[in-house]
Every structure is written in structure tokens, then in C-alpha cells.
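Written below as C-alpha cells is the structure these notes are about.
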Amino acid sequence: MKKFFREFKEFAMRGNVLDLAVGVIIGGAFQKIVSSLVGDVISPLLGLFGGVNFDSLILHIGDVELRYGAFITTVIDFVIMAFVIFLLVKGINKITSFGRKKEEPKKPEKKKCPFCCSEINNDAVRCPFCTSILITEEEPAAEKSKPVPSGNRKKRKN
């Protein structure tokens, strides 16, 4: 029995379980604030402009009372809570991304030969299929395509 309680204590004292418990408690308190905002401020204001208080909307079907006005109020509660949580998560993500470096896009491992359209290794300088000399990104195309003058070639001695 002592081992069981020790394991439970270790589980309960982990950081993520305590964070979750605090989040649930704060979320419950925040939900009360939002419910009060909707019930005490937003619904009466909508009733002032629309002439209807949502809480008083009731549909009678025989002996059954359908309080669809209370349902509308609950939906408004949910939309406000979801919007606030969205803004909170978006803000936290923005704050945590300040210190991170942006990832550079990975260079593809293969490229296509511009002459024969075969797939070749990215580091290749000559196509293994058509044996064309490939232009590298570091080397401008104008330098690669310059013809070598025939007068600069070394002559063979016989």
C-alpha cells in the first residue's frame, strides 16, 4: 500500500500534472467570469437593442418547456471562451517564437538535368546520363558557356 501511495505522489507531483490542475482551476474561474459577462452584460444589451432577453425565450410544447434562450446564452459563452483561448494560444506561440531561429528550407537531394531531364544528384557537375556539363548555382552561366579560343590550347610536340 505504501508503494501505491508513493507512486501516486510521484505521478501527482510531476510538472505537467500540476500545470494541468492549475489550468483547470483557472479555466473554471475564467468560465464564471465569461458567463457573468454574457448573462449580465451582453444579453441585456442585445435585449435592449433587439427588444428580447435571451434567457426569457421559452418554447412550450404540451407540458414541456424548451428554454432555447438559455441555450443561445450558453453558445455565446462558448464562442467567447473559444475566442479568448485562441488569442491566448496565439500570443503564447508568438512569444515563444521570438528566441527561435527560422528554419531554412532544405535543399532537395536531387535535381533535373536541363538537357536530358534525368534525375541526378544535387552535387553533380556532369550528367551521368547525357554527360552534359551542368551549370552550378555559384558559377554564372555566362562564364560556363564561354568558348575556349583555339589559340590558347597547348600544342603537342612530335
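Bear in mind that the values in this text are calculations on the coordinates, not laboratory data. Note that this is a predicted model, so its numbers are computed, not measured. FYI the Cβ positions are ideal-geometry reconstructions off the backbone, even for glycines, and counts take in every protein chain you see.
Table for the structure above
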item: For peptides 114-121, 61-68, sequence by mean Cβ density within 10 Å, most packed first; result: 114-121, 61-68
item: Distance in nm between pseudo-label sites at residue 16 and residue 59 (7 Å out along the Cβ direction from Cα); result: 4.4 nm
item: Gyration tensor (alpha-carbon) shape descriptor, the stretch 2-96, a/c threshold 1.5; result: oblate
item: Theoretical gain in end-to-end length, residue 4 to residue 45 [0.36 nm per residue, Cα-Cα removed]; result: 9.3 nm
item: 8, 49 arranged by Cβ crowding within 10 Å, fewest neighbours leading; result: 49, 8
